[in-house]
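Single-structure report; data block below.
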Amino acid sequence: METKRQSEQTKPMASFGTAPNITPALKQTNYSGVLLKDRYMIEGELGRGGIGVVYLARDTQLHQRRVVIKVLLESSEQSLHTPWFRKKFDQEIEALVRIDHPGVVGVLDVGAMPDGKPFFVMQFVEGVNLRSLMQQEMQAGKMDLARIAHIVRQIGQALTAAHEKGIIHRDLKPENVMVQRATEGEEVVKLIDFGIATVKDSQSNNTDSGKTKVAGALPYMAPEQLRGEPQSASDTWSLGVMTYELLTGHLPFNAETLVQLHEQQKKGAQPPPRELRVELSPAAEQVVLRAIAFAPEERFGRARDFGDSLAEALLHQIPRTVHTNSMSGQQLTSPSSPTELGSGSLPPVVAAPRPAPGKSPLPYFALIVVLLAGAVGIFSYFKLRNTPPSHLPENSGNTVVLPERILSYSISSCSRVKQDGSCAIAAKEHKQAIIFPPGSGLRLNFASDRTGYFYLFNEDPKLQNGLPVYNLLAPMPPDRPNAQLAAGQTLALPGANTYSVADAAQGTEKLWLIWSPTAVEEFEQLRRALGARKSVEVKEAAEAKLVQEFLKRNEAAKAVAELGDTQTYLKGKPGKLLLYLLELDRQ
């Protein structure tokens, strides 16, 4: 029984792209009964991976303690990849020696087999791998949230310990996470199989130049890893995918090829985890979705920050109070529990790029003269003060239950703007509609509780050739690669710490807010066309008609607005497009 459990430590690695994939059918010398270094007695083979064969052995010099011995896998079929295999084998030893963390299996010794093949000795982990544990739990229902929090937090800590030593695992999946019972039934997690890990500044024939072989388990590979450019954020992505699977019993992306997977990753996880597990809090869902954001920089700064934030959301479900520094608009946070979340625990502010020369969108922000003002920082899980909006239930303790879909917006003002666009004095936050005088500064902030695609159009009151004149204010072309807005992030226009200056124009304006779970292809084409022209103005009649018809076609998707304490909440249907029109007076 013990041998069966340990064999789960080494499952065949699923490799894709240019990485070698060795079938378990290859013949290997039977080392059973061999005594290595006059102390390690091999009892039998446990399993085979892409690079090595793993054996169970006994340390005859240390009370017959069980150990695991990994031997480099070599054969004629491997001849083309032998240097890469040997390099990764040596780097796995180096990685395990470097990390020295209780959450990572330890290396005990190294040596050579009688036939010259290299081997190293590892700790024997008595337990089951996370895949087996998941299967057991799913048969009985769903895994307990507290148990998930405990496991993911430990994995995040172990990964961060590896990353701080310059090690990227690259093959994180449930099969490579061992769970063992410690004293009093506490579960302890250990990461195994660093066989394809990236080791920075390696002493083992390190010729890496930024790109590497594409290898790993396809469902858990991050977008940048599919391009052969893994980074520490790639391991965070893999942990996010595993967490989604632990919570729901399903993978967020299901594809058979690299191309299909990449396309699904760009669109975001479907369906969102709360649609598969209704008791999951919005805060916890946002944490998971942030971990699997398409762009690495939009994920958590460290894997342990993801684990800590998830544990806080699952165990406490108490949202953090968000404060705004009135001088800079910087988000500050007060944890609702003593848990230290680390530097990556807050969703970053996404600063919109400056407009291209020759066409400034600053005058269009004068349209937004009657919006509800509020804090720059917007989390989807708000800690409300005073009277909450009618679509939000009253607080019960510190827990806030949000509706299925929320897009929120707020605006800050500055009476005097510096030449560089920053506020010369303290910015103001308003709780009701006001008139912004000409020359004052405006900053608009948007956030969503779900990852999706956000577009912002201004419709000018004047017609041109019988059609409205539209201006695409977000995403400002051509700098942003797409219109994706990750869950819990804030999109600040024109920038996180900059303001647009209101002009003295008159009349009624329209501002269209569009949120979609997937990219709107016609808008993406329009964005590229405007980028080529270095303009935000939709001048072509065919383009203006395209926008007009889209808005008419989706009238049924109009959101319901509710005023909160410091922002306006736009409620929409889960998984559906959300549309909202602001009609503004400039007086």
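Once the Cβ-Cβ distance of Ala146 and Glu521 is raised to the sixth power relative to R0 = 35 Å, the FRET efficiency obtained is 0.25.
Counting only protein heavy atoms and using a 1.4 Å probe, the accessible area of Asp235 comes to about 0 Å².
Going down the list Lys37/Lys117; Lys266/Lys552; Lys462/Lys539; Lys510/Lys539; Lys510/Lys558, which pairs span over 19 Å between their C-alpha atoms? Long pairs (Cα-Cα over 19 Å): Lys266/Lys552.
Where does each of Glu256, Glu126 land when they are ordered by accessible area, with a 1.4 Å probe and the largest first? Write down the numbers at each step before the final one.
Values: Glu256 160, Glu126 75 Å².
The residues order as Glu256, Glu126, largest area first.
Give the residues of region 216-232 whose amide nitrogen is closer than 20 Å to a point set 7 Å from the Cα of Glu297 in the direction of its Cβ. Hits in region 216-232 for Glu297 at 20 Å: 222-232. Rolling a 1.4 Å probe over the protein heavy atoms leaves Phe457 with an accessible area of roughly 0 Å². Note on Gln260 and Lys552: the model spin-label points, each 7 Å out from Cα along the C-beta direction, lie 3.9 nm apart.
The values are calculated or read from the model by the stated rules, or taken from the named source; none is laboratory data. Because the structure is a prediction, the values reported are computed rather than measured. We place every Cβ from the backbone using ideal geometry, glycine too, and count neighbours over all the protein chains shown. Only protein heavy atoms, including side chains, enter the accessible area calculation; ligands, DNA and RNA are left aside. Shrake-Rupley method; radii C 1.70, N 1.55, O 1.52, S 1.80 Å.
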